[in-house]
1. Restricting region 196-220 to residues that are in contact with a His (Cβ under 9 Å, 6 or more places away or on another chain) and more than 30 Å from M308 (Cβ to Cβ), which is surrounded by the fewest Cβ atoms within 10 Å (Cβ to Cβ)?
2. So, restricting to helices (runs of 4 or more DSSP H) that lie completely within region 302-404, which ones have at least 3 residues that are within 45 Å of the chain's Cα centre (by Cα)?
3. Are any residues in region 273-322 touching a helix residue (DSSP H, G or I) at 6+ places or on another chain (Cβ under 8 Å) and aromatic (F, W, Y), and if so, which ones?
4. So in region 222-261, with the set limited to residues that are outside any helix (DSSP H, G or I) and among the small types (G, A, S), which one is nearest to S206 (Cα to Cα)?
5. Can you report the number of residues in region 304-336 which are among the charged types (D, E, K, R) and within 28 Å of A372 (Cβ to Cβ)?
6. Of everything in region 285-301 that's part of a helix (DSSP H, G or I) and of a type in the set (S, T, Y), which residue is surrounded by the fewest Cβ atoms within 10 Å (Cβ to Cβ)?
Amino acid sequence: MAWGHGWMVGAVPKLKADMRADRTKASGARGRALRIALISAFVPLSLALVQCGQAPNPTALATNSQANAQVIAKTNPQVFNQQVASGDTFEDRFPAPQFKERFPSASESFLQRQMSDFSPKRAVQQQPQPAQAPYKVASLEPQIPYQRPPREDLTTLVSMKSSAFPYFGNNPASDAPFLNISKGDRRGHRSYSGRVFWQDETYNDSRVLVHVPEHFDVRKPGVIVVFFHGNGATLERDVRDRQLVPQQITASGANAVLLAPQMAVDAADSSAGKFWQAGGLKRFMDESASHLARLTGDPNSARAFASMPIVIVGYSGGFLPTAWSLEVGGISDRVRGVVLLDAVYGEMDKFASWIESHRSGFFVSSYTHYTARRDRELMSMLRQKGIGVSEDMDGPLRPGSVVFVETGDGITHRDYVNRAWTQYPLKDVLVKMSATPALALTRVAATSPSVSSR
């Protein structure tokens, strides 16, 4: 419907609606533009935050480093050359892993972890420690007392300055030089029989036969047996191998060691050499103490050996060094006993004097018809002094015992060290000693029924 002036009814409302539509379109476009701008601003920021929580990419670092190096090389060659010269490169900052950093060497190992390493630690209550034992053992149980490591018998020859020979002193029987004859540069000794023995052949051996049984224990009461051999003997051929002196000592089971000095070598001569001199036996025993300590492997035991009791055994011509050692040796109080094996060929006064003045020791003389007369003379001397004498070895051996034993016709002088009143008489004496507590000799091993020869 149309009105006047060309206006139509209903035209104004439509125009207003169009204007509102245009305003709405413009407002929506501005909103979209604002959202796009905000998204564009926050996306790079979020990416940067994500990158802050991640490790750098080596490839990207290498690319950036190379790009930067190229830029520096083009823009400032001098700085680039300084960086290269100083080693400030990517390879220097980030070296490639080496084989040794990935795998342990032969002397290294990976640290092994157990699940218990990651569990909470509990406080451990300290337990009272038991008193430490006076010895150490290799394991916690069973605990056993200390035992000396086993060893074999030790038999050896040791040269000693204080041994009988060489000897350049006087013969006390004549107070004349012992070496009383010479021929050119050689010196010798003419014996009472008129026979000449040369010093370089007969009186020049300073060796001593030393024997330590495998069972010997220096910490326990023991004795040192000093054995003076007879005429015509050597240490190896006779004392060791024929008379079996070391084996008899071992077989006794007694805590004893042996010292046997070489006297005149393989000669019919009983000369005592240095044992004629005052203090000769003392010097010999003092020197032997250090050798025994060394041979037994305990240097601290020298003091024990230096005070250990002594038993002197003289066979045949060994009576002379035995008698003089008792008379002038300087340590007669250390002599616990004397054993003479068919050996009373003289010096009865020296033997009687020692027996009388040492009633805590024992004296045994076993004899054949060769020495029977002198043995009976010595028995008579002792009885006159009021000293009791026994004439058999059947009873025990006690301090103060004086025993004379005559052996039968079937017993020979040559084999007397092996068989006298019994087989192996030295063994029998030591067994009887160790059976008497008052003689203070310990048996540290079982007695062997026989003596094995070499």
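Each value in this text was obtained by applying a stated rule to the coordinates, not by laboratory testing. Just so it is clear, the structure is predicted and the values come from calculations on it, not from any experiment. A quick note on method: Cβ atoms are made from the backbone with ideal geometry, for glycine too, and the neighbour counts reach across all protein chains shown.
1. The qualifying residue surrounded by the fewest Cβ atoms within 10 Å (Cβ to Cβ) is V196.
2. Filter on region 302-404 gives 302-307, 319-328, 348-357.
3. Within region 273-322, F275, W276, F284, F305 meet the criteria.
4. Selected residue: A260.
5. Residues meeting the conditions: 2.
6. Applying the filter and picking the extreme gives S290.
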